[in-house]
Amino acid sequence: MFTTGSKFLVGAAVLATLSAIAYGVTQDGIMGTVGLGSAAVALWFLAGLNLYTRDNNYWADEIASIEQAPAAVPAPANSVWPFAFAFGAAVLAVGLVTYQAVFIIGVVLLLVSGAEWTAEAWAQSASADTGHNANVRDRIANPLEFPLAAAIGIGVVVYAFSRVMLFLSKTNTVIAFAVLGSIVIALAFFFAYRPRVPSKAAAVVIGVGALGLIAGGAAAGLSGEREIHPHETTSGLNEEGVDICTSPDEFEADLKASQSVSATAAVAATITLGSDGELSYDLNGPSAPGAVGITLPRSNPNNIIFQNRSGEPRRLSASLGTMVAEGSTNEVPVLMCTTLVDDGGAQNMTMRIDLPSITTPGGYSFFVPGVESAELNLVVP
Amino acid sequence: MNRRVRIAAAVGLAALVAGCAEDAPQDMFQPAGPNAQSIYDLSVPVFIIAGVIGVIVMVFIAIIVVKFRDRGQAIPDQVHGKPTLEIILTIIPALILIGVAIPTVGTIMALNDTSDTECVINVTGQQWWWEIDYPTQSGCGSGIDQPIITSGQMVIPIGTPVLVRGTSRDVIHSWWIPRLNGKRDMVPGRVHTNRIEADEPGIYAGQCTEFCGLSHANMRMEVIAMTPEDFEAWKLNQTKPYESPAEGTLAAKGEQTFISQCARCHQVNGLEDADGAPIVSRPDLSVYSGAAPNLTHLMTRNTFAGAAYNLLTPECRPKVWNAPSETVGAEYLKGVTPDCLNSVELREWLRNAPAKKPMYADPTKLEATDGLTRGMPNLALSEDQIDELVAYLLERH
């Protein structure tokens with residue numbers, strides 16, 4: 001006797017085999033064929049295993065229940081899932097020739113409706129009692145449905161909330177957040193102290209609130225985000241031609257810089273400006289004995305930590321030769337620098353240098369604006 | 001003897017013999033320096049302990065499987081709990097593990113201590129070759145007064161603890177010269193250290209040991225250990241000024257071909273354009289890793305393409321690689337002479353590099369890297385250009 005499981009596995013194995021052949025003949029690249037071929041092999045193996053261990057077990061055929069005529073089962077109720085499944089397939093097909101987003105929606109629809117349809121159909125064959133069958137369906141589907149629905153609901157509310165916050169001005173976001181938070185807390189207190197308030201009333205309040213938030217989010221999303229002013233950076237100012245790296249003065253970038261540092265990156269060197277006005281350095285592992293400066297690999301991000309122990313706010317700058325300015329024939333210095341670092345503080349500077357130091361007469365160097373004695377060779381081989 | 005036992009013995013013997021090799025340059029069981037020796041001294045007793053335990057366990061399993069197999073006998077009385085036996089079987093493995101852990105931790109800590117190194121060499125991995133540069137320093141013998149940059153083959157003086165300071169430009173690579181020390185991953189954005197030291201002059205082979213893409217298996221490297229005198233001679237040669245080929249020669253044509261075809265990625269220090277301005281390569285504009293091997297002294301090393309191919313002919317290679325420790329340095333310092341140049345493979349490489357070494361260099365398939373190649377592309381050079389380049393490169397001593 002061929003069980004349903006065997007039929008399924010054999011069918012899937014045939015489908016995978018045909019797909020592997022079709023893919024191999026029609027498509028470039030071997031990986032798809034290898035993947036489908038592997039699936040086919042695995043499915044054939046499982047089908048064989050099932051045929052041998054399950055279908056071959058003739059004792060299973062002899063149990064009385066199989067030989068008895070099944071009880072009359074009421075016709076299943078109407079279901080929306082076949083329609084949703086077909087709709088999902090149509091959306092998926094449209095998505096294939098239009099937009100990726102439509103395709104993804106089609107896939108999601110297909111998967112969700114397929115899962116729901118399968119659970120429902122499976123539960124309908126559990127017994128002749130439709131009420132019991134509904135319970136069976138809920139037991140199998142609810143543990144998946146509830147968290148998924150909750151995640152989607154929370155996601156929609158959070159997304160709508162974020163749209164509202166990004167639409168409002170910086171000051172109004174603070175006010176809106178405070179007001180909304182207060183309302184939530186007030187309602188929570190109200191329902192907590194009035195346990196006799198019908199739960200439907202709470203559900204209506206929460207539902208109306210959520211709908212309002214979603215509507216607000218949609219409106220705010222359509223209106224667009226407020227203008228967000230990015231903070232200046234030393235490299236940004238450098239590109240604009242502002243002389244920050246050669247100046248000991250304070251700029252906006254020194255106060256509100258949005259420089260980014262990779263948390264996983266290691267330090268290539270730590271450079272310290274001492275109270276004597278000299279730059280010293282420390283490398284990972286012992287320094288090359290008698291080295292005349294720091295050697296950094298070319299075309300690779302290097303993290304340099306600058307420690308200021310001079311007693312005054314100072315920045316570390318790197319002189320990296322010159323380049324022809326965009327749109328002109330003038331040579332301009334290539335500079336990089338940290339923001340002003342307070343005495344006792346430290347800051348990271350990530351440097352990627354694409355040209356070797358031999359391209360610049362005198363080579364590259366680190367220096368500290370305002371401290372003439374603070375200079376250190378930088379070699380990029 | 002039972003037929004099955006004989007077959008099993010034959011299979012076991014064949015498996016054992018399969019582990020033997022006459023030419024095994026990457027054999028950690030032939031340590032050639034104090035770091036590798038300490039790993040060896042740890043590995044052998046641990047291997048013996050593990051082997052003995054493994055054999056005991058397997059023998060017990062075999063006895064139990066055979067002696068107590070199902071022969072239709074009644075199921076014996078089931079006994080649950082034997083505190084004395086359980087305690088003994090817990091304490092013994094714990095003691096064994098402690099016994100193994102103490103020397104293991106000690107060895108790891110000793111290997112990580114790089115404070116005694118006398119020479120610093122930077123290593124940068126990228127798909128699929130190693131860049132090696134020597135920063136200026138007073139160490140490494142009599143010192144290095146200008147940076148030296150090479151690739152594929154690291155030259156070190158014997159008896160000198162060398163600090164390898166490494167990183168990567170693209171993906172994770174792993175540096176491992178089995179006869180000199182354990183392996184060290186080289187992670188982009190991080191700096192890792194590894195101490196190596198060779199007792200005797202020789203060529204010690206290694207290979208990238210972290211899967212790094214298509215040509216991972218072709219990313220090799222060697223450490224050439226020399227006597228201090230030979231090492232000084234090597235350094236002197238690496239810092240000698242550039243010499244242009246004699247005018248009117250094939251090599252002179254090759255210089256122009258190199259400038260037009262190769263110099264955009266490969267640096268040759270001292271190479272100048274017609275106006276006398278130094279030519280600076282910009283591999284960052286063409287190659288994903290942002291680097292390509294420096295070819296200033298290509299013919300002083302004897303491999304190319306990530307040390308995957310030999311610059312020496314099959315006849316000449318053994319003279320260097322199999323040379324006794326007394327002469328290996330001198331043989332290596334000869335570099336690649338015209339009669340020893342493996343021009344066949346060099347020409348094949350220049351003709352179509354991706355055909356010699358799998359690389360992501362097809363210009364039609366570089367969307368993911370914004371048109372930057374991973375490895376050397378096919379430059380569609382003519383046979384004349386290849387002849388010229390070979391002549392030019394042969395003079396890069």
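Listed values, structure above:
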read-out	value
Residues satisfying the stated conditions in the stretch A:337-359, i.e. buried (at least 19 other Cβ atoms within 10 Å of the Cβ) and either outside the structural domain of A:Val371 (by TED's automatic domain parsing) or part of a loop (DSSP other than H, G, I, E, B) (or both)	A:Thr338, A:Thr339, A:Leu340, A:Ile353, A:Leu355, A:Pro356
Check on B:Glu348, under 30 Å from B:Glu229 (Cβ atoms) and not small (Gly, Ala, Ser)	no
Single condition B:Lys356 does not satisfy, out of (1) closer than 19 Å to B:Trp129 by Cβ; (2) of a type outside the set (Ser, Thr, Tyr); (3) over 23 Å from the mean Cα position of the chain (by Cα)	(3)
Near pairs, Cβ below 6 angstrom, 6+ apart or cross-chain, from the stretch B:127-145 (in a loop (DSSP other than H, G, I, E, B)) to any residue that is basic (Lys, Arg)	B:Gln127/B:Arg374
Qualifying position, being over 30 Å from B:Leu295 (Cα atoms) and touching a residue at least 12 places away in the same chain (Cβ under 8 Å), among A:Val371, A:Val380, A:Val334	A:Val371
Index of the failed condition, A:Thr322 passing every other in (1) hydroxyl-bearing (Ser, Thr, Tyr); (2) within 14 Å of chain B (Cβ to nearest Cβ); (3) surrounded by 16 or more Cβ atoms within 10 Å (Cβ to Cβ)	(3)
Qualifying residue in the stretch A:197-216 (condition: of a type in the set (Lys, Arg) and either within 21 Å of A:Phe367 (Cα to Cα) or outside the structural domain of A:Pro313 (by TED's automatic domain parsing) (or both))	yes
Index of the failed condition, B:Ala277 passing every other in (1) surrounded by 21 or more Cβ atoms within 10 Å (Cβ to Cβ); (2) among the aliphatic types (A, V, I, L, M); (3) within 12 Å of chain A (Cβ to nearest Cβ)	(1)
Those residues of the stretch B:104-127 which are of a type in the set (S, T, N, Q) and either within 19 Å of the chain's Cα centre (by Cα) or within 7 Å of another protein chain (Cβ to nearest Cβ) (or both), in sequence order	B:Thr114, B:Ser115, B:Thr117, B:Asn122, B:Thr124, B:Gln126, B:Gln127
Members of the stretch B:282-295 found to be in a helix (DSSP H, G or I) and either at positive phi or not acidic (Asp, Glu) (or both), listed by number	B:Pro283, B:Leu285
Residue within the stretch A:247-254 that is without any contact (Cβ under 8 Å) to a residue 60 or more places away in the chain and aliphatic (A, V, I, L, M) present	no
Qualifying position, being in a loop (DSSP other than H, G, I, E, B) and either under 30 Å from B:Gly270 (Cα atoms) or touching a strand residue (DSSP E or B) at 6+ places or on another chain (Cβ under 8 Å) (or both), among B:Gly159, B:Gly213	B:Gly213
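Listed here are the residues, each with its yes/no results for (1) in contact with a Pro (Cβ under 9 Å, 6 or more places away or on another chain); (2) closer than 22 Å to B:Pro188 by Cα; (3) within 14 Å of chain B (Cβ to nearest Cβ).
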| position | (1), (2), (3) |
| --- | --- |
| A:Ser328 | no, no, no |
| A:Glu331 | no, no, yes |
| A:Cys337 | yes, no, no |
| A:Met351 | yes, yes, yes |
| A:Asp354 | yes, yes, yes |
| A:Gly363 | no, no, yes |
| A:Phe367 | no, no, no |
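The values are calculated or read from the model by the stated rules, or taken from the named source; none is laboratory data. All values reported here derive from a predicted model rather than from experimental measurement. Neighbour counts are summed over all protein chains in view; Cβ atoms, including those assigned to glycine, are modelled from backbone coordinates with ideal geometry.
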